[in-house]
Amino acid sequence: MAFTIWFIAVNQGDGIVSTRFQDLQVERILVITPEARDIGQGIVMVNQLPQVKITLRISSVLALSSGNVLEDFLKAYVTLEGLTEGVHTLDVRFELLKAGLNVIRVEPKRVEVDLQRIITAEVPVVPGFIGKGVNPQDVVLEPDTIVIEGPERIISNVKGAMVLIKDINENPLPLLLIDDDGKEISGVKIISEDVRVILPAVAGENGFNNIDSGKNNSND
């Protein structure tokens, strides 16, 4: 603890009466996630920043005032200004929003950010979960490729976009970005126009064609 001490002297006839006041400084702990600021154009951060533990020394008056919330006292951040793609270790910085407080300890003091270039790519469209009695080879997709946008490292793992034809009454039909093993990939935006799915008529059921998949679907 730290004390700020001052005196008020009052002249009362032959004597001086001194009154001493003290402002107690108390410690408070705040756990928050830093903000990422000033990211460059065409760059995206692909990891999540870890939380940091901040020890504050604040005025007891400020600490005891009703309505005060620690999260309103300061903001923690890292600046990405001028950084290119790659992994960077950055200092945690602070923006103090209240008078009468000081940051005395931060754990950790530095955090890692993983930056990737944003790129576009063209990937093939394939049918999936088609209706009963329909041969996948008979399904026509127009266009047969779509354009996607996202972090370079994630884009490199996308091998195609699957049109999920599970229910002919579903509109729009979802698009699912997949890897080599058919597993879904997220964090990528689909920026192409609608994919038009043309299915053959099936006698007795599922007599349908010309189904549009969703426009500008996103796997964010």
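Where a number appears in this text, it was derived from the coordinates with a stated rule and is not lab data. The structure displayed is predicted, hence computed values, not measured ones. Using ideal geometry, Cβ is built from the backbone for each residue, glycine included, and neighbour counts are taken over all protein chains shown.
What net charge do the residues around ILE178 carry, taking every other residue with its C-beta under 12 Å from that of ILE178, with Lys and Arg at +1 and Asp and Glu at -1? Please list the in-between numbers first.
Numbers: positive: LYS159, LYS183; negative: ASP179, ASP180, ASP181, GLU184.
In short, -2.
Fewest Cβ neighbours within 10 Å first, please rank SER59, SER186 accordingly.
The order, fewest Cβ neighbours first, is SER186, SER59.
So who's got an amide H within less than 5 Å of the one on GLU35, skipping anything under 5 residues away but keeping other chains? H placed 1.01 Å off N, in plane.
Close amide H contacts, sequence-distant or interchain: ALA76, TYR77, VAL78.
Counting only residues 5 or more places away or on other chains, whose amide H sits under 5 Å from the amide H of VAL126 once H atoms are built in the peptide plane?
ALA161, MET162, VAL163
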